[in-house]
Amino acid sequence: MTQETSVLTAKPDMAPDVAPIRKVFVKTYGCQMNVYDSDRMTDALAKDGYVSTDVMEDADLVLLNTCHIREKAAEKVYSALGRLRDLKKKKAGEGREMMIGVAGCVAQAEGDEILRRAPAVDLVIGPQTYHRLPEALKRVKRGERVLETDYAIEDKFEHLPAPDKAKTKARGVTAFLTVQEGCDKFCTFCVVPYTRGSEVSRPVAQIVAEAQKLVDGGVREITLLGQNVNAWHGTGPDGAKWGLGELLHRLTAIEGLARLRYTTSHPRDMDDSLIEAHRDLPQLMPYLHLPIQSGSNRILKAMNRRHTTAEYIALIALIKAARPDLALSGDFIVGFPGETDEDFEDTLRLVETVGYAQAFSFKYSTRPGTPGADLEDQVPEDVKAKRLERLQTLLLKQQNEFAQACIGKTIDLLLEKPGRMPGQLIGRSPWLQSVNVDAMSSQIGDIIRVRITGAGPNSLFAEVVS
Ligand code: 5AD
Ligand code: SF4
């Protein structure tokens with residue numbers, strides 16, 4: 001599963017000069033894969049003359065790219081749809097048409113329900129059918145309310161346009177690239193196997209071609225995405241199945257591609273060749289998101305995670321032996337059904353043992369249709385809240401300690417974007433921290449040596465080392 005962000009992905013894009021200009025506003029909820037998907041949808045619409053806008057009121061089409069991972073995520077969508085209904089009505093009064101589309105995992109899981117609950121919605125489209133978006137919009141124009149949530153037989157990636165140079169340049173020097181989608185693990189709390197379907201791996205040639213295009217457009221760092229990215233097994237040019245370690249090796253042959261990351265991984269799928277890639281590839285950043293969810297073996301079993309805490313700890317030791325400067329990030333769920341105080345104490349102990357540079361933690365949220373929803377012994381909300389607070393206090397302490405330990409180190413910094421003050425840029429450390437440094441905007445995309453001089457709550461400060 002990919003990590004949660006909430007980003008506005010509407011950015012000015014170039015349009016071909018043939019079709020009339022129409023504007024699309026995309027609001028992205030949830031994980032990095034949704035960020036990637038929003039860009040692919042925008043690219044697919046460009047052929048029909050759509051350009052992105054970041055002003056919702058100006059849009060001819062508003063697309064919500066939704067997330068279903070926890071309850072609150074879906075509720076946010078319904079309240080956004082309420083506001084959009086009012087905007088649509090207002091614009092109709094002014095003689096301007098506005099279409100409303102719902103994409104993403106809520107669309108996949110609750111397509112019919114959305115059309116029923118939100119009459120202003122014109123189109124519901126699930127993640128496996130984004131390549132059919134232009135066609136679906138034509139049907140909307142003909143007066144249909146469209147529901148596209150079947151799993152497509154054709155390969156959507158073969159039909160979705162890869163990013164072109166101009167768009168890539170506008171999007172910055174770091175990029176996401178989906179290599180794997182879906183999940184066959186069926187953790188008992190998780191909707192992903194139902195919303196994103198079973199695991200599909202893109203073939204090597206497709207991935208390499210897209211990575212090359214990104215690099216041609218100025219990208220220096222690519223994060224390979226997959227709900228279960230280290231389960232990726234794509235067909236290589238030799239016809240054999242490759243593993244992620246081999247794919248990473250291949251990608252390092254792309255000149256100008258300075259950094260690689262991948263997310264999110266399952267502990268069961270860290271094979272030897274991937275661990276060796278951490279040892280052998282300096283381009284592979286020493287930072288790994290490896291969720292365990294709970295520190296209690298009993299709860300891990302109930303979650304169907306299919307490994308123990310001891311196995312997780314041993315695995316981390318192996319990876320760190322391969323790449324000693326590697327730092328970890330993780331995900332945790334508190335209050336899974338049946339979680340006792342003792343189970344929760346085990347989670348705190350595990351966090352103390354492992355030590356995380358960063359981690360995300362959530363209260364368990366019952367997801368309809370998942371096995372967890374039917375379990376007895378649901379944990380009361382107030383108990384979940386107290387546990388979450390304790391866990392987050394500990395994780396935040398570890399994050400601060402990690403940042404403090406960076407002070408005095410000399411590191412490579414990828415300069416990404418303008419900073420808060422003129423004459424400053426924000427760059428990214430190997431461990432994904434934001435770092436402020438004095439530099440010129442012409443240096444965006446460069447990797448420079450800096451010394452970390454200080455640490456704030458959300459970012460580090462650095463000076464250039466000559
Ligand atoms: N309740 C709470 N958190 C969840 N996650 C996934 N499903 C649920 C749920 N039902 C968390 C997991 C996962 C992260 C992306 O979201 O920690 O790794
Ligand atoms: Fe969900 Fe588990 Fe699959 Fe991750 S591995 S996407 S948590 S079912």
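Scanning the range 320-334 for residues that are under 25 Å from Arg298 (Cα atoms), in contact with a helix residue (DSSP H, G or I) (Cβ under 8 Å, 6 or more places away or on another chain) and either of a type in the set (Ser, Thr, Tyr) or away from ligand 2 (no atom under 16 Å from the Cβ) (or both) turns up just one, Leu328. If you check Phe344, Phe360 for being of a type in the set (Phe, Trp, Tyr), modelled with pLDDT of 95 or more and crowded, with 18+ Cβ neighbours inside 10 Å, only one passes: Phe344.
The set of residues from the range 347-368 being more than 11 Å from ligand 1 (Cβ to nearest atom) and outside any helix (DSSP H, G or I) comprises Gly355, Tyr356, Ala357, Gln358.
To keep it simple, each residue is scored yes or no on (1) modelled with pLDDT of 95 or more; (2) of a type outside the set (Gly, Ala, Ser).
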position	(1), (2)
Asp54	no, yes
Asp58	no, yes
Leu63	yes, yes
Ile69	no, yes
Ala73	no, no
Val77	no, yes
Gly95	no, no
Met98	yes, yes
Ala109	no, no
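Quick grid of which residues meet (1) among the hydrophobic types (A, V, I, L, M, F, W, C); (2) over 23 Å from the mean Cα position of the chain (by Cα):
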{"residue": "Glu389", "(1), (2)": "no, yes"}
{"residue": "Leu396", "(1), (2)": "yes, no"}
{"residue": "Glu401", "(1), (2)": "no, yes"}
{"residue": "Lys417", "(1), (2)": "no, no"}
{"residue": "Gln433", "(1), (2)": "no, no"}
{"residue": "Val437", "(1), (2)": "yes, yes"}
{"residue": "Gly456", "(1), (2)": "no, yes"}
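Looking only at the range 428-463, which residues are closer than 22 Å to Leu284 by Cα, in a loop (DSSP other than H, G, I, E, B) and open to solvent by less than 20 Å² (accessible area, probe 1.4 Å)? Hits for the range 428-463 are Ser429, Pro430, Gly445. Ser466 - would you say it is open to solvent by 60 Å² or more (accessible area, probe 1.4 Å), without any contact (Cβ under 8 Å) to a residue 24 or more places away in the chain and not in a loop (DSSP other than H, G, I, E, B)? No.
Being in contact with a Leu (Cβ under 8 Å, 6 or more places away or on another chain), over 18 Å from Tyr262 (Cα atoms) and open to solvent by 20 Å² or more (accessible area, probe 1.4 Å) is the filter here; which residues of the range 142-185 pass it? Across the range 142-185, the qualifying residues are Arg145, Leu147, Glu148. The set of residues from the range 171-205 being over 30 Å from Arg428 (Cβ atoms) and either charged (D, E, K, R) or without any contact (Cβ under 8 Å) to a residue 12 or more places away in the chain (or both) comprises Asp184, Pro193. If only residues of the range 411-427 that are open to solvent by 60 Å² or more (accessible area, probe 1.4 Å) and in a strand (DSSP E or B) are counted, the one that is nearest to Asp325 (Cα to Cα) is Asp412. Among the residues of the range 296-320, just one is without any contact (Cβ under 8 Å) to a residue 12 or more places away in the chain and in a loop (DSSP other than H, G, I, E, B), namely Thr308. Among residues of the range 231-269 being polar (S, T, N, Q) and away from ligand 2 (no atom under 16 Å from the Cβ), the one that is least open to solvent (accessible area, probe 1.4 Å) is Thr252. Return yes when Ala231 is within 16 Å of ligand 1 (Cβ to nearest atom) and small (Gly, Ala, Ser) and no when it is not. Yes: the conditions hold for Ala231. Name every residue in the range 30-86 that is in contact with a Gly (Cβ under 7 Å, 6 or more places away or on another chain) and open to solvent by 20 Å² or more (accessible area, probe 1.4 Å), in order of residue number. Answer for the range 30-86, where residues must be in contact with a Gly (Cβ under 7 Å, 6 or more places away or on another chain) and open to solvent by 20 Å² or more (accessible area, probe 1.4 Å): just Ile69.
The number of residues in the range 187-215 being of a type outside the set (Ser, Thr, Tyr), over 17 Å from Tyr151 (Cβ atoms) and within 16 Å of ligand 1 (Cβ to nearest atom) comes to 3. One residue stands out in the range 22-65 among those that are under 18 Å from the mean Cα position of the chain (by Cα) and of a type in the set (D, E, K, R): the one that is farthest from Pro134 (Cα to Cα), namely Lys27. Can you work out which of the residues in the range 197-212 that are under 18 Å from the mean Cα position of the chain (by Cα) and under 18 Å from Thr223 (Cβ atoms) is most open to solvent (accessible area, probe 1.4 Å)? In this case the residue turns out to be Ser201. The residue that is surrounded by the most Cβ atoms within 10 Å (Cβ to Cβ), counting only those in the range 367-385 that are under 24 Å from the mean Cα position of the chain (by Cα) and at pLDDT 95 or above, is Gly372.
Could you tell me whether the range 270-283 includes any residue that is more than 14 Å from ligand 2 (Cβ to nearest atom), open to solvent by 20 Å² or more (accessible area, probe 1.4 Å), touching a strand residue (DSSP E or B) at 6+ places or on another chain (Cβ under 7 Å) and farther than 24 Å from Phe186 by Cβ? Within the range 270-283, one or more residues are more than 14 Å from ligand 2 (Cβ to nearest atom), open to solvent by 20 Å² or more (accessible area, probe 1.4 Å), touching a strand residue (DSSP E or B) at 6+ places or on another chain (Cβ under 7 Å) and farther than 24 Å from Phe186 by Cβ. Kindly indicate whether any position in the range 321-344 is within 24 Å of Arg428 (Cβ to Cβ), without any contact (Cβ under 8 Å) to a residue 40 or more places away in the chain and assigned to a loop (DSSP other than H, G, I, E, B). Yes, the conditions are met somewhere in the range 321-344.
Just one of the numbered conditions (1) on the phi < 0 side of the Ramachandran plot; (2) not in a helix (DSSP H, G or I); (3) not hydroxyl-bearing (Ser, Thr, Tyr) is not true of Gly95: (1). I need the full set of residues from the range 90-108 which are over 19 Å from the mean Cα position of the chain (by Cα) and farther than 16 Å from Val26 by Cβ, in order please. Matches in the range 90-108: Lys90, Lys91, Ala92, Gly93, Glu94, Gly95, Arg96, Glu97.
The values are calculated or read from the model by the stated rules, or taken from the named source; none is laboratory data. The structure displayed is predicted, hence computed values, not measured ones. Heads up, the Cβs are rebuilt from the backbone with ideal geometry, glycines too, and the neighbour counts pull from every protein chain shown. Surface areas here come from the heavy atoms of the whole protein model, side chains and all, with no ligands, DNA or RNA. Shrake-Rupley method; radii C 1.70, N 1.55, O 1.52, S 1.80 Å.
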